[in-house]
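The values are calculated or read from the model by the stated rules, or taken from the named source; none is laboratory data. Keep in mind the model is a prediction, meaning the values are calculated, not measured. Heads up, the Cβs are rebuilt from the backbone with ideal geometry, glycines too, and the neighbour counts pull from every protein chain shown. Remember, those area values only see protein heavy atoms, side chains included, never the ligands or the DNA or RNA. Shrake-Rupley method; radii C 1.70, N 1.55, O 1.52, S 1.80 Å.
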Amino acid sequence: MRLRAILLALSASIFAVQAAAEEMKMAVTTSFANSGLADFLLPQIKRDTGIDVQLLVVGTGQALKLAEAGDVDAVLVHARAAEEAFVEAGFATHRREIMYNDFVLVGPSVDPAGAGRGPTVSDALVAIEQAQARFVSRGDESGTHKRELALWDAAGITPEGEWYNEVGQGMGAALNTAAGMNAYILTDRASWLNFGNKGDLALLYEGDEELINQYAYLPVNAELHSHVNADAAAALESWLTGYKAKVLINSYKIEDQQLFTFNARPLEGGEG
């Protein structure tokens, strides 16, 4: 009887913890979701913090619009200039770097433009433009799209014409389009490795410093939106910048490749 009473008490305790789980909403990029890392981290976050993080998976531009409207409690995105402008405008309390991965250029395995032969990513893009080889752009104001446009600009190219195809979709859908067209595309490495419909596409170019892809966490400013769950956002930030997150993020692999590198640092002034 005593054992039964203990088991019933434990069950009641577990049920109470589950029932009391706090919810918060976080807008994240499609590339982060497609990587599989979210599914890897969220169960552990809930176990450690009691927070049930509900993800809204969109491009960086849309994520910041949701945050500006107070429709989410925090964002995890990857477009530094847009993030810093967002904080400067007062929509987020601060910007906290969490981890990074990298972008890669994929395209037809035969590489008709010779994009994989140049020493820099600018050389690769120049080769694609000169060959007028089909290129698929997300065209959705996401962090990936913003970086792609910055890379074209650095290469001195304005991408336009029949060879350049903007699809206005997330990373997975854009990769599907590129596979169907046998076209070149810029993608984050994690989404590429997690993508099942590669067709005749292959990874052609990687390794340029310009392809580093930094992710940052921005808590929404509760002074603008009183309903924002600032306490949960702060607790999640504490977890994401802690030792357990470091171990899990650095250990996440696909095809035996480490996809993300944890690089969270203390905030200036000791915030977070």
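Of the numbered conditions (1) hydroxyl-bearing (Ser, Thr, Tyr); (2) open to solvent by 10 Å² or more (accessible area, probe 1.4 Å); (3) in a helix (DSSP H, G or I), Thr158 satisfies every one except a single condition; which is it?
Failing condition for Thr158: (3).
A quick yes/no check of all residues on (1) part of a helix (DSSP H, G or I); (2) not acidic (Asp, Glu):
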| residue | (1), (2) |
| --- | --- |
| Met26 | no, yes |
| Asp39 | yes, no |
| Leu42 | yes, yes |
| Arg47 | yes, yes |
| Asp52 | no, no |
| Leu55 | no, yes |
| Ala63 | yes, yes |
| Ala67 | yes, yes |
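Collect the residues in segment 169-184 that are modelled with pLDDT under 95 and either open to solvent by 30 Å² or more (accessible area, probe 1.4 Å) or among the basic types (Lys, Arg) (or both), keeping them in residue-number order.
Result: Gln169, Ala173.
Which residues, taken from segment 8-36, are among the hydrophobic types (A, V, I, L, M, F, W, C), at pLDDT below 95 and surrounded by fewer than 23 Cβ atoms within 10 Å (Cβ to Cβ)?
Scanning segment 8-36 gives Leu8, Ala9, Leu10, Ala12, Ile14, Phe15, Ala16, Val17, Ala19, Ala20, Ala21, Ala33.
Looking at Asp73, Asp102 in this structure, which one is in contact with a strand residue (DSSP E or B) (Cβ under 9 Å, 6 or more places away or on another chain), surrounded by fewer than 23 Cβ atoms within 10 Å (Cβ to Cβ) and at negative phi?
On inspection, the qualifying residue turns out to be Asp102.
Tally the residues that are open to solvent by less than 10 Å² (accessible area, probe 1.4 Å) and touching a strand residue (DSSP E or B) at 6+ places or on another chain (Cβ under 6 Å), restricting the search to segment 60-70.
3
Condition first: part of a helix (DSSP H, G or I) and open to solvent by 40 Å² or more (accessible area, probe 1.4 Å). Can you find one or more residues in segment 185-203 that meet it?
No, segment 185-203 has no match at all.
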